[in-house]
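The values are calculated or read from the model by the stated rules, or taken from the named source; none is laboratory data. From a predicted model like this one, the values you see are computed outputs, not experimental measurements. When we count neighbours, we look across all protein chains shown, and the Cβ atoms used for this are built from the backbone with ideal geometry, even at glycine.
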Amino acid sequence: MRRLVGSLLVVGLVSATVIGLTRSFFSDTETSSGNTLTAGELDLKIDNTSYYNGVLNAGTTWTETDLPGHLFFNFDDLKPGDRGEDTISLHVQNDGWTCMDILLTKNDDNTCTEPELLDDLNCIEPGTGSGELAQNINFAFWADDGDNVLETGEKIFKTGTAQGLFDGQTWTLADSGFSVWPTPGPIPGNEIRYIGKFWCLGNLTPAPADPLNNNVPTQVSGFTCDGAALNNATQTDIAMADVNFTAVQARHNLSFLCNSTPTPTPLSGVTVTPSPTPTPLACTQADVMLVLDRSGSIDSTELADLKTAGKSFIDDLGLSALGIHAGMSSFATTGSLDHILASNSVTVKSAIDALIASGFTNLKAGLDLANGELAGVNDRADGTSPDKMIVVTDGNPNRPLPSGPAAAAAATAADNARAAGVEVFVVGVGADVNAAYLQTDIADDAAHYFSVSNYSGLQTTLQNLDLCQ
């Protein structure tokens, strides 16, 4: 930021002395010299401490400075199960509101190795935008206390895949309406606030450490990372992203919001085309989570039909900043949060397009991730933005192991969502599903369950859903 120096203001106050011929008056002069007005500064500085597989990584660690020339992640030989943790320190000289955003700029098939071609039949060289790495590397961000470890009581404010999270939308760290840290308000001048970031090439699970244990990041991170479910589809793929932090003065700016939506100013002689009006299938301000089956029972044709139906459904919802928001989780052997609740239909549809079918059926994981997003920081007040969940599946739960209780575990997850105020709809596809189970244990009731004979008919079924019933 550019420092502004105000003009020098000098004020002289001098008393006049009057001398008569026969007498004198007492006098005194007081002068205030060098009065100066100097503009203050709001210069955001950042430092980062980074660990890769539990070892301090010098290449992504730096002391307090500006960001250009520094990278939060820069690793070129990732393997399933690899993990990393960073603690980002934010410094401002005066009280400042803070926001951040991350934009995925590349997710490519770099080269196509022989093992990769066995699991990624669509791999091409170069495969611009067709990589699988961003869909399989998971992130979590939390308000840390500066020790590089997620501990009990510390709040995760963002979690999901790089594909789902890094859509360029602004994240609020501290503004007039919200703060990720326990103390509301701006970052105080000359104080430090910490953001923790954990990533995992595989399934990421929070496992907060006890804060009384003097935790050391080389020994504990507060997360587990399991890459066992990944195949060779991500080999040699490359993903890149841009990370931005913004600080805005808080003084005389008490109502600042990171995601304020200004009222457009009409332009003379310009015809404004309004955004599409949501169809009757959607409440006008609902928060909607798709929960999509991507297990190995879905063949390539069925997967294409699923993606077409899902993207058409998002278009029908007519997402907008002040209207409907949507996100998506999916499930196979494990679950993934593929897109957070947001109003950007383009990135939600990209997340749907990135689905890959393989593995078993862990309906519980998909439900839990969707319910967590509908209870997280992206969820709006339920009184004005009711929570909806639409589950699409063609099979019966057989994960987590043992497979016997998997159906009961999924039913409990659905009950937990209902207890939190979520309305649960289910679409059962094909003849292999247990329709009675999905209707009574997963969907809210029979009116919330829909049956379709195959994926080619899914689009029509989703178009006819009445989310306002």
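Which pairs have Cβ atoms under 6 Å, sit 6 or more apart or on different chains, and link a residue in region 450-468 that is surrounded by 14 or more Cβ atoms within 10 Å (Cβ to Cβ) to one that is polar (S, T, N, Q) and at pLDDT 85 or above?
Listed by first residue and then by second, the contacts come to PHE450/THR461; VAL452/THR461; GLN459/SER312.
Which one of these is under 21 Å from the mean Cα position of the chain (by Cα) and not charged (D, E, K, R): SER350, SER300, SER295? It would help to see each step written out before you state the result.
Details: SER300 fails: under 21 Å from the mean Cα position of the chain (by Cα); SER295 fails: under 21 Å from the mean Cα position of the chain (by Cα).
Residue meeting the stated conditions: SER350.
Provide a single number: the residues in region 307-358 that are assigned to a strand (DSSP E or B) and among the β-branched types (Val, Ile, Thr). Walk me through how you get there before you give the answer.
First, pick out the residues of region 307-358 that are assigned to a strand (DSSP E or B): 325-331, 335-342.
Checking the rest, the ones that are also among the β-branched types (Val, Ile, Thr) come to 340.
The qualifying residues number 1.
For residues in region 105-138 being assigned to a strand (DSSP E or B) and either touching a helix residue (DSSP H, G or I) at 6+ places or on another chain (Cβ under 6 Å) or of a type in the set (Asp, Glu) (or both), which is modelled with the highest pLDDT? Can you show your working first?
Going residue by residue through region 105-138, those that are assigned to a strand (DSSP E or B) are 105-109, 127, 137-138.
Applying the additional criterion that residues be either touching a helix residue (DSSP H, G or I) at 6+ places or on another chain (Cβ under 6 Å) or of a type in the set (Asp, Glu) (or both) yields 107-109, 137.
Working: ASN107: 84, ASP108: 80, ASP109: 66, ILE137: 90.
Selected residue: ILE137.
Go through (1) within 18 Å of TRP142 (Cα to Cα); (2) touching a residue at least 60 places away in the same chain (Cβ under 8 Å) and name the single condition VAL248 misses.
So VAL248 meets the others, but not (1).
Conditions tested, residue by residue: (1) assigned to a loop (DSSP other than H, G, I, E, B); (2) surrounded by 19 or more Cβ atoms within 10 Å (Cβ to Cβ); (3) in contact with a helix residue (DSSP H, G or I) (Cβ under 8 Å, 6 or more places away or on another chain).
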site	(1), (2), (3)
ALA365	no, yes, no
ASP368	no, yes, yes
ASN371	no, yes, yes
LYS388	no, yes, no
ALA410	no, yes, yes
ALA414	no, yes, yes
GLY428	no, yes, yes
ALA436	no, no, no
